[in-house]
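**Student:** Before we start, here is the structure in question, set down as structure tokens.
The values are calculated or read from the model by the stated rules, or taken from the named source; none is laboratory data. A quick note: this is a predicted structure, and the numbers were derived from the prediction, not measured. Cβ placement follows ideal geometry from the backbone for every residue including glycine, while neighbour counts extend to all protein chains displayed.
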Amino acid sequence: MSGEAKVQDRLSGVLLHVTSLPSYGGVGDFGPAAYGFVDFLAAAKQRLWQVLPLSPTGYGSSPYSALSAFAGNPLLISVERLAQEGWIAWERIGGLPGHDGPVQFEEAMRLKMPLIEEAAANFLDRADNDARASFQKFCNDNGSWLTDYAMFNVLRRKYSYASWHEWPVEHAQRKPEAMTALLSEHGKEMAIEQAIQYFFSQQWSALRAYCSERDVRIMGDVAIFVNYDSADVWTHPELFELDEERRPIRVSGVPPDYFSATGQRWGNPLYKWGVLMERGFDWWVARVRRSLALYDMIRLDHFRGFEAYWSIAAEEATAINGQWVKAPGQELFQRLKDVFGDLPFVAEDLGLITPEVDELREHFGMPGMRILQFGFSDRGGHLYLPHRYVPNTVVYTGTHDNNTTLGWWRDDVGEAERRNVQSYLQKIEHDGDIVWAMIRAAARSVANLCIFPMQDVLHLGSEGRMNTPSEGVGNWTWRYDASALHPDFAAQLAALMEMTDRDGYVAPQPEGSVDKADLSVNV
């Protein structure tokens, strides 16, 4: 072990969401494939694994469309590990989808979820005293969100998965008598929901421990906004801009730009930042505390919104008629720093960024992001090229929202961009050359953190794309093949990490030498 990795360290990692693992059951999870992937990272001298949000997902199965900002996605629980622990019989899991092909979210929900619920019921019936004590501690430690989330899930099933604002008013508005009756009438169902979250926590903690033993840290992802149809808004309507009927007054998005004439209307309810400030940002403190229990580092999605956010009247069909509203980012991050000390945050600061956003990020020492694919279109894109980086930066060849590097080169790059790539990197004689040229450029840069999507490591084309933001369907389903982790990929990456000083090696100083950082000049 070389010590705990920090965002200021010079290291490298791989971006791969857990669902993209070739796990048994139709969706990637915390089972054997995850441990095999960590072994690959260690062999490749990659010291960071970046994942997308691990939250339970709603419509579209997007990890950024969560039913809770605190809970874990039950589909990430490995039924194989549950069988190993005796909570479900091996023969019960034999009919699940296999390891191959794209994620089958609907099949996993239909076939895998009932087995996880069955295992949770068995746990509640058969757990020994030690296991019960561990479960009870988990429930106590997470009581600020766990009971409400369990109630939310029970009611979602009761009302055929309709959004909470469509439930009868006694449950939509959490009338005390109705909540008391729910606890009494559906206590076993709620306990099962809590046990499922316990399974998630136990399996994720075990996987993280395995990562730590191999000097691999986890970077998680925290979206700035939460879904309207979520346990968070249902439980804490006073923290969001809602009317008397608890419907959104204003919603989130981004204004029109080069990519969209009407902007993007995301539709998340906006925070009542004034109320949050009066309460010492207690909800955000709890959210970050939960995230720091799950991850070693945190990527803050849409960091720009912590300085100012685009506010759209809920009745507007597009994002055209919105306005920028200042957010108390300075006060929020100072509060978080007071509570947690140094903040291991990475700011997703892509797009049109103002000086005020840069000042906020720099004040708290957060690295920003640079995407190599963005650097070759024109001179305005040169901000994303390595010669413009500073050390406190995270460089990506691409992200989950981009095409793969090979797909970008084959399908998206115009002639002018192609000439710019050839001028800046090297002569690209074969399509496959572009992938390692981009990987090498990122690794050689002064950026402290360097992250490659797994699809680039595997040299995949557009068939490996994870998400196309403008497309409403067909996203998030990519999984790599179980045979794809070839040792040659690991060996190539490891050699590059050694030559670019990203492998964690600290050279001993000659005896009697002086660290230049310790030198001072007296005038």
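**Student:** Under the condition of being touching a Pro at 6+ places or on another chain (Cβ under 8 Å) and of a type in the set (A, V, I, L, M), which residue from region 35-53 is surrounded by the most Cβ atoms within 10 Å (Cβ to Cβ)?
**Tutor:** Step by step, filter region 35-53, then rank; the result is LEU52.
Every residue, every condition in (1) under 26 Å from GLN330 (Cβ atoms); (2) of a type in the set (A, V, I, L, M), yes or no:
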{"site": "ALA206", "(1), (2)": "no, yes"}
{"site": "ARG214", "(1), (2)": "no, no"}
{"site": "ILE218", "(1), (2)": "no, yes"}
{"site": "PHE225", "(1), (2)": "yes, no"}
{"site": "VAL233", "(1), (2)": "yes, yes"}
{"site": "ARG250", "(1), (2)": "yes, no"}
{"site": "THR262", "(1), (2)": "no, no"}
{"site": "ASN268", "(1), (2)": "yes, no"}
{"site": "LYS272", "(1), (2)": "yes, no"}
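Yes or no, residue by residue, for (1) of a type outside the set (S, T, N, Q); (2) over 28 Å from PRO237 (Cβ atoms); (3) surrounded by fewer than 17 Cβ atoms within 10 Å (Cβ to Cβ):
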site	(1), (2), (3)
TRP273	yes, no, no
ARG279	yes, no, yes
ASP282	yes, no, yes
LEU300	yes, no, no
GLU307	yes, no, no
PRO328	yes, no, no
GLN334	no, no, yes
THR354	no, yes, yes
LEU372	yes, yes, no
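**Student:** Right, something else. Quick one: count up the residues across region 30-46 that are more than 17 Å from the chain's Cα centre (by Cα) and assigned to a loop (DSSP other than H, G, I, E, B).
**Tutor:** 4
**Student:** Taking GLY414 as the residue in question, decide whether it is free of Cβ contacts under 8 Å to residues at least 12 places away in the same chain, more than 30 Å from PHE345 (Cα to Cα) and either out of contact with any Ser or Thr (no Cβ under 7 Å at 6 or more places or on another chain) or not polar (S, T, N, Q) (or both).
**Tutor:** So GLY414 passes the test.
**Student:** Do we have GLY280 as out of contact with any His (no Cβ under 7 Å at 6 or more places or on another chain), small (Gly, Ala, Ser), part of a loop (DSSP other than H, G, I, E, B) and touching a residue at least 24 places away in the same chain (Cβ under 8 Å) here?
**Tutor:** Criteria met by GLY280.
**Student:** Out of (1) farther than 16 Å from ILE298 by Cα; (2) without any contact (Cβ under 8 Å) to a residue 40 or more places away in the chain; (3) surrounded by fewer than 14 Cβ atoms within 10 Å (Cβ to Cβ), what's the single condition that is false for GLY341?
**Tutor:** Of everything listed in (1) farther than 16 Å from ILE298 by Cα; (2) without any contact (Cβ under 8 Å) to a residue 40 or more places away in the chain; (3) surrounded by fewer than 14 Cβ atoms within 10 Å (Cβ to Cβ), GLY341 misses just condition (1).
**Student:** May I ask you to list the residues in region 135-151 that are surrounded by 15 or more Cβ atoms within 10 Å (Cβ to Cβ) and either more than 17 Å from PRO56 (Cα to Cα) or of a type in the set (Ser, Thr, Tyr) (or both)?
**Tutor:** Those that are surrounded by 15 or more Cβ atoms within 10 Å (Cβ to Cβ) and either more than 17 Å from PRO56 (Cα to Cα) or of a type in the set (Ser, Thr, Tyr) (or both): PHE135, PHE138, CYS139, THR147, TYR149.
**Student:** Next question. Would you pick out the residues in region 47-80 that are over 18 Å from PRO453 (Cβ atoms), in contact with a Lys or Arg (Cβ under 7 Å, 6 or more places away or on another chain) and not in a loop (DSSP other than H, G, I, E, B)?
**Tutor:** LEU75, VAL79, listed by residue number.
**Student:** From the residues in region 490-507 that are at pLDDT below 95 and surrounded by fewer than 20 Cβ atoms within 10 Å (Cβ to Cβ), which one is farthest from ALA44 (Cα to Cα)?
**Tutor:** Applying the filter and picking the extreme gives ALA507.
**Student:** Could you grab me the full set of residues in region 276-306 that are under 19 Å from ASN227 (Cβ atoms) and over 22 Å from the mean Cα position of the chain (by Cα)?
**Tutor:** LEU276, the sole residue that qualifies.
**Student:** Within region 152-261, which helices (runs of 4 or more DSSP H) (wholly inside it) include 3 or more residues that are under 28 Å from the mean Cα position of the chain (by Cα), modelled with pLDDT of 95 or more and surrounded by 21 or more Cβ atoms within 10 Å (Cβ to Cβ)?
**Tutor:** Correct list: 187-213, 231-235.
**Student:** In the list VAL27, VAL14, which residue meets the criterion of being outside any helix (DSSP H, G or I) and either surrounded by fewer than 24 Cβ atoms within 10 Å (Cβ to Cβ) or at pLDDT below 95 (or both)?
**Tutor:** None of the others qualify; the one that does is VAL14.
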